[in-house]
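**Q** Take a look at this one; I'll ask things after.
The values are calculated or read from the model by the stated rules, or taken from the named source; none is laboratory data. Keep in mind it's a predicted model, so treat the numbers as computed, not measured. Quick reminder, even Gly has a Cβ in these numbers, built from the backbone with ideal geometry, and neighbours come from all protein chains shown. What goes into the accessible areas is simple: the full protein's heavy atoms, side chains included, and nothing from ligands, DNA or RNA. Shrake-Rupley method; radii C 1.70, N 1.55, O 1.52, S 1.80 Å.
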Amino acid sequence: MIQSQTYLNIADNSGARKIMCIRVLGASNRKCAHIGDVIIAIIKEAVPNMPLEKSEVVRAVVIRTCKEFERDNGMMIRSDDNAAVVIDQEGNPKGTRVFGPIAQELRQLNFTKIVSLAPEVL
């Protein structure tokens, strides 16, 4: 569950390292984001000499959460960290690589480019 003011790690090579969620997109009164949800975030930590800079407002899709979620078959998926991938307005990732495992639910949410870049799909 990603709320406002939650810090997330970045799981791609776009240039950001840590972001802070400032808004969950969707309904107007939505409080929490889960895997596959798009958030608006601000970059808190960035790699020097990269296109993305600190205090820049970006869109990101949540790919891993510490809070477990249950699939239809009863399997529970939980991660060690909260992680996201920076995307553009069309939903394409800004980075060219994705690090760490991601859930297969992203494929059903039309983030197929992120799924194809990931080394492991759970």
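**Q** For LYS44, indicate whether it is touching a strand residue (DSSP E or B) at 6+ places or on another chain (Cβ under 6 Å) and either in contact (Cβ under 8 Å) with a residue 60 or more places away in the chain or basic (Lys, Arg) (or both).
**A** Yes.
**Q** Give the range 8-17 a look and list any residue that's buried (at least 21 other Cβ atoms within 10 Å of the Cβ) and assigned to a strand (DSSP E or B), or say none.
**A** LEU8, ILE10, ASP12, ALA16
**Q** Check the range 44-56 and report whether any residue there is closer than 19 Å to ILE2 by Cα, open to solvent by less than 60 Å² (accessible area, probe 1.4 Å) and either modelled with pLDDT of 90 or more or not aliphatic (A, V, I, L, M) (or both).
**A** No, the conditions are met nowhere in the range 44-56.
**Q** Shifting gears a bit: Which residues, taken from the range 18-41, are touching a residue at least 40 places away in the same chain (Cβ under 8 Å) and either in contact with a helix residue (DSSP H, G or I) (Cβ under 6 Å, 6 or more places away or on another chain) or part of a loop (DSSP other than H, G, I, E, B) (or both)?
**A** Scanning the range 18-41 gives ILE35, GLY36.
**Q** Would you mind telling me which numbered condition in (1) assigned to a loop (DSSP other than H, G, I, E, B); (2) surrounded by 12 or more Cβ atoms within 10 Å (Cβ to Cβ); (3) modelled with pLDDT of 90 or more GLY91 fails?
**A** That leaves (3) as the condition not met.
**Q** Looking at the range 108-122 only, could you name the residues that are open to solvent by 20 Å² or more (accessible area, probe 1.4 Å) and over 16 Å from VAL38 (Cα atoms)?
**A** SER116, LEU117, PRO119, GLU120, VAL121, LEU122
**Q** Based on what the data block shows, is ILE2 touching a residue at least 60 places away in the same chain (Cβ under 8 Å), surrounded by 15 or more Cβ atoms within 10 Å (Cβ to Cβ) and among the β-branched types (Val, Ile, Thr)?
**A** Spelling it out, ILE2 is indeed touching a residue at least 60 places away in the same chain (Cβ under 8 Å), surrounded by 15 or more Cβ atoms within 10 Å (Cβ to Cβ) and among the β-branched types (Val, Ile, Thr).
**Q** Tell me, please, whether a residue that is in contact with a helix residue (DSSP H, G or I) (Cβ under 8 Å, 6 or more places away or on another chain), part of a helix (DSSP H, G or I) and open to solvent by 50 Å² or more (accessible area, probe 1.4 Å) can be found in the range 99-107.
**A** yes
**Q** Give me the pairs: first residue in the range 52-81 and part of a loop (DSSP other than H, G, I, E, B), second residue open to solvent by 90 Å² or more (accessible area, probe 1.4 Å) and acidic (Asp, Glu), beta-carbon distance under 9 Å, and six or more apart or on different chains, which are they?
**A** Listed pairs, sorted by first residue: CYS66/ASP80.
**Q** If you check THR65, THR6, which single one turns out to be of a type in the set (Ser, Thr, Tyr) and within 19 Å of LEU109 (Cα to Cα)?
**A** Sole residue among the options that is of a type in the set (Ser, Thr, Tyr) and within 19 Å of LEU109 (Cα to Cα): THR65.
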